[in-house]
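Working notes, beginning with the structure itself.
The values are calculated or read from the model by the stated rules, or taken from the named source; none is laboratory data. Predicted, not measured: the structure shown is a model, and the values here were computed from it. Heads up, the Cβs are rebuilt from the backbone with ideal geometry, glycines too, and the neighbour counts pull from every protein chain shown.
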Amino acid sequence: MNDANDEPESTLIQYLVATVGCAMCGASYAAEDVKVLDHRGNAWIIILACPQCGTRGLVLAMVTNQGQPDRLGELSAAEMETFANMPPLDGNDVLDWHMFLRDYEGDLAGLLEADK
Ligand SMILES: [Zn+2]
């Protein structure tokens with residue numbers, strides 16, 4: 001199962017831990033609070049679980065050749081409030097994402113732009 005992708009994964013986790021805080025309570029994340037769900041090429045799907053309030057966030061990140069990943073998963077305050085009232089992510093949510101990304105043929109930047 002293990003392959004040559006460990007390095008970008010650990011770099012990405014370090015970047016998120018250093019730059020992202022919980023959107024609900026502002027707590028900092030530790031490396032163990034960051035879980036990589038999946039990645040397709042340069043696009044990574046990551047779950048952040050707040051060690052303080054337990055809020056979970058989903059981040060889509062693209063690892064570029066410029067050294068630092070671009071974080072594209074920011075939510076507005078209203079979106080955070082909406083998601084805070086939803087049940088936690090479960091296995092079906094993860095599976096939905098996995099299948100969606102498996103079948104998606106555009107690039108991630110285009111996907112996220114189209115959502116705005
Ligand atoms: Zn929190």
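Select from segment 43-66 the residues that are small (Gly, Ala, Ser) and either more than 14 Å from the ligand (Cβ to nearest atom) or touching a Leu at 6+ places or on another chain (Cβ under 7 Å) (or both) and list them in ascending order.
Ala43, Gly57, Ala61
Could you please find all residues in segment 34-50 being touching a helix residue (DSSP H, G or I) at 6+ places or on another chain (Cβ under 8 Å) and farther than 21 Å from Asn85 by Cβ?
Val34, Val36, Leu37, Asp38, His39, Arg40, Asn42, Ala43, Trp44, Ile45, Ile46
Search segment 20-33 for residues being in contact with a Gly (Cβ under 9 Å, 6 or more places away or on another chain) and within 17 Å of Thr82 (Cα to Cα), and hand back the single one that is farthest from the ligand (Cβ to nearest atom).
By that ranking, first place goes to Ala23.
Take the residues in segment 24-41 that are within 15 Å of the chain's Cα centre (by Cα) and part of a loop (DSSP other than H, G, I, E, B); name whichever of them is surrounded by the most Cβ atoms within 10 Å (Cβ to Cβ).
Filtering first and then ranking leaves Tyr29.
Can you list residue pairs whose Cβ atoms sit under 6 Å apart, with the first residue in segment 13-28 being under 23 Å from Ala43 (Cα atoms) and the second being in a helix (DSSP H, G or I) and among the charged types (D, E, K, R)? Count only pairs 6 or more apart in sequence or on different chains.
Note: no pairs meet the criteria.
Restricting attention to segment 47-58, and to residues there that are at pLDDT 90 or above and of a type in the set (A, V, I, L, M, F, W, C), which single residue is nearest to the chain's Cα centre (by Cα)?
Ile47
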